[in-house]
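In what follows, a structure is listed as structure tokens, so that the remarks can point back to it.
The values are calculated or read from the model by the stated rules, or taken from the named source; none is laboratory data. What you see is a predicted model, and the numbers here were worked out from it, not measured in a lab. Note that each Cβ is placed from the backbone with ideal geometry, even for glycine, and that neighbours are counted across all protein chains shown.
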Amino acid sequence: MFCNLIIAVLRVLLVRGHGYEKEKRLGGSETLRVNLQKSPAATRQPHILQKITDFTQYHVFCRRLKEDLDKTVKTLSEVGIKTLLRFNPAGESSHQIVKLLTENSDRRLGGDASLYMDERYVEPTLRTRCRG
Amino acid sequence: MSNLPFEHGVGAKPTNRYSLRFTFESPSTLAAHLTNTTLSISSIPQLCQLLLDETERFLLGRICEVGHELCEPVNGAWFLDQLTSRSVGRWEGNVLYVELLSSG
């Protein structure tokens, strides 16, 4: 699924890069300079691989982080302390993630995780969410 | 944490004293939100140490709670000595120190 996403995003990024180059060639430097004055961010040379490398690094980072948190949960559970982990690698909605990956902005993907030691202290609603 | 793009929703706040909360950001920024402070974590060994420390603090706290329940009939007292990382119990002239050993 992760690879499918990369391929899809890469296509979008390549098409965008191509569109930028084409506009530069056809419109000439005059149009570009006018656009640049209007909004510098929108006319900046679009990155192609930066988002992909960031995203891949984040994927590995989340996996590594979850491994260590899972280890803590497992260790505590083994000695009879039921521990829960809620791990959410992407806090944004799917729509926001697509925007984040395909638009020329510096916004980053973010997530959060909560580790609840001793589930007796966890509210029942949250407990269901952790398990689900 | 206002610079984070992701605003944390319902349930993300620590709801009890035995919860640990982390926020992270692409490509690899990690912050741990502890009771009194927010700690920026820059390496895996640092994360492991934090998990170890917090687990120890939780276990010693639980030992104090159990000790407190058991020693209530004899007016015992239990507390957590943060400096030496020990649970200390006193009742009827006895003192008991509980220390945790890490098996690595």
### Message
Please determine whether any residue of the stretch B:20-38 is among the basic types (Lys, Arg), at pLDDT 90 or above and not in a loop (DSSP other than H, G, I, E, B).
### Response
yes
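Does B:Leu83 fit the bill of being of a type outside the set (Gly, Ala, Ser) and either closer than 20 Å to A:Val79 by Cβ or not assigned by TED's automatic domain parsing to the domain that holds B:Leu101 (or both)?
Details: of a type outside the set (Gly, Ala, Ser): yes; either closer than 20 Å to A:Val79 by Cβ or not assigned by TED's automatic domain parsing to the domain that holds B:Leu101 (or both): no.
In short, no.
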### Query
Assuming A:Ile48 fulfils every condition listed in (1) at pLDDT 75 or above; (2) part of a helix (DSSP H, G or I); (3) more than 10 Å from chain B (Cβ to nearest Cβ) apart from one, which condition is it?
(2)
## Note on the structure
Restricted to the stretch B:33-49 and to residues being within 14 Å of the chain's Cα centre (by Cα) and within 10 Å of another protein chain (Cβ to nearest Cβ), the residue farthest from A:Arg108 (Cα to Cα) is B:Cys48
#### Entry: Selection from the stretch A:74-113 of residues that are farther than 30 Å from A:Arg11 by Cβ, more than 10 Å from chain B (Cβ to nearest Cβ) and part of a helix (DSSP H, G or I)
A:Lys74, A:Ser77, A:Glu78
### Hey, B:Val98 surrounded by 11 or more Cβ atoms within 10 Å (Cβ to Cβ) and either more than 24 Å from A:Thr72 (Cβ to Cβ) or not hydroxyl-bearing (Ser, Thr, Tyr) (or both) or not
yes
### Summary
Of the residues in the stretch A:60-110 that are touching a residue at least 60 places away in the same chain (Cβ under 8 Å) and in contact with a helix residue (DSSP H, G or I) (Cβ under 6 Å, 6 or more places away or on another chain), the one that is nearest to B:Arg62 (Cα to Cα) is A:Leu101
### Task
List every residue pair whose Cβ atoms lie under 6 Å apart, where the two residues are 6 or more positions apart in sequence or sit on different chains, the first residue falls within the stretch B:88-104 and is closer than 13 Å to B:Trp78 by Cα, and the second residue, located anywhere, is charged (D, E, K, R).
B:Val88/B:Asp81; B:Tyr97/B:Arg86
